[in-house]
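Input: a single structure, listed below in structure tokens.
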Amino acid sequence: MYDYSLQFEAFILGSLLLISKYLSAYAEVRIMPKVVMLLEKALLAIILIRLISGSVELTAASLMYKFNDLEKALYINSMLALVGPVVLITTTGIGLTGLADRISWTRLICLFGGIFLILVSLRIK
């Protein structure tokens, strides 16, 4: 079985360098080309999930434009309402798993409390 993680990591690094070079013309961000960035697996998983989530959002927007119907757009939008919290919980869980040995219990409880409050606020009418 071929390990695609190195190819994906190279793709992400190339994309980040391209974006930072683009931003350097406007925001004076300086990149040192000889510095090799290494991404942790947890960070790589979070980036991948966020890229997929963004692709789903863009696909939904294009479907809304294609159908040009308010009822279908509302249906698609309600499906996206399920994706957002799932992505939030998943990426936060992966991040906390990656930081488990470096984060205190107090911060961990506060983070989970904040996520819980966000999810509860989505339910309140």
Cβ-Cβ under 6 Å pairs, at least 6 apart or on other chains, the stretch 110-125 side over 21 Å from residue 83 (Cβ atoms), far side assigned to a helix (DSSP H, G or I) and among the small types (Gly, Ala, Ser): none
In the stretch 71-125, the residues that are over 20 Å from residue 43 (Cα atoms), small (Gly, Ala, Ser) and surrounded by 12 or more Cβ atoms within 10 Å (Cβ to Cβ): 73
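Taken together, the values in this text are just the output of simple stated rules run on the coordinates, not laboratory data. What you see is a predicted model; the values in this text were computed from it and never measured. Every residue, glycine among them, receives a Cβ derived from its backbone with ideal geometry; neighbour counts consider all protein chains shown.
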